[in-house]
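K.L.:
My questions will all concern the structure given below.
The values are calculated or read from the model by the stated rules, or taken from the named source; none is laboratory data. These numbers come from a predicted model, not from an experiment. Note that we place each Cβ from the backbone using ideal geometry, even for glycine, and neighbour counts take in every protein chain shown. What goes into the accessible areas is simple: the full protein's heavy atoms, side chains included, and nothing from ligands, DNA or RNA. Shrake-Rupley method; radii C 1.70, N 1.55, O 1.52, S 1.80 Å.
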Amino acid sequence: FGGTSMVAMKFEAIHTTPLFLGSMRLVPAGAALLVWSKAFASEERRKIDVIPRKAEDWAKIVTFAFVDGTCFQGFLAEGIQRTGAGLGSIIIDSQPISVAIMAALFLGEKVSTKTAVGLAVGVLGLATLELPTSVWSELPLHL
């Protein structure tokens, strides 16, 4: 059902700003996650405070909120105004490819040959869908 939210976002994007639309995706989900984590957690896990107490923990939350909330959700909502809901869904669902590439680049995770080929095929597939026809017509490919 994840891709179906793009249809709703496309419909609502004309009525509000991208950052407001993006935040409205996160606020209810975050609240539901907090309730769920307390209701269904183990007894030991329930003893952990939902609200962080250390400045270091708050720094991590603020960093994550900026990257995911502002950048990811904001860019998603901004982008959905410029593309169709179907293509937007495909783009957003390509996140595992981006994460795998960034994990290799920034975290030093090992990438096997098989994984590298799979990532390359995924990136090529995304480029095929996302880049305009003019880009492909300028390539010296005669297929």
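K.L.:
Would you please name the residue that is nearest to L124 (Cα to Cα), looking only at residues in region 79-94 that are polar (S, T, N, Q) and open to solvent by less than 50 Å² (accessible area, probe 1.4 Å)?
P.N.:
S94
K.L.:
Are any residues in region 79-88 free of Cβ contacts under 8 Å to residues at least 40 places away in the same chain and either of a type in the set (A, V, I, L, M) or not in a helix (DSSP H, G or I) (or both), and if so, which ones?
P.N.:
Those that are free of Cβ contacts under 8 Å to residues at least 40 places away in the same chain and either of a type in the set (A, V, I, L, M) or not in a helix (DSSP H, G or I) (or both): R82, T83.
K.L.:
Is it the case that some residue within region 46-55 is part of a helix (DSSP H, G or I), on the phi < 0 side of the Ramachandran plot, without any contact (Cβ under 8 Å) to a residue 12 or more places away in the chain and within 17 Å of the chain's Cα centre (by Cα)?
P.N.:
No, region 46-55 has no match at all.
K.L.:
Another question, if that's okay. Would you pick out the residues in region 95-143 that are outside any helix (DSSP H, G or I), at pLDDT 85 or above and either open to solvent by less than 90 Å² (accessible area, probe 1.4 Å) or polar (S, T, N, Q) (or both)?
P.N.:
Those that are outside any helix (DSSP H, G or I), at pLDDT 85 or above and either open to solvent by less than 90 Å² (accessible area, probe 1.4 Å) or polar (S, T, N, Q) (or both): G108, V111, S112.
Rundown of residues vs (1) among the aromatic types (F, W, Y); (2) in a helix (DSSP H, G or I), yes/no style:
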site: T16; (1), (2): no, no
site: G22; (1), (2): no, yes
site: A31; (1), (2): no, yes
site: A41; (1), (2): no, no
site: E44; (1), (2): no, yes
site: W58; (1), (2): yes, yes
site: A65; (1), (2): no, yes
site: F72; (1), (2): yes, yes
site: A77; (1), (2): no, yes
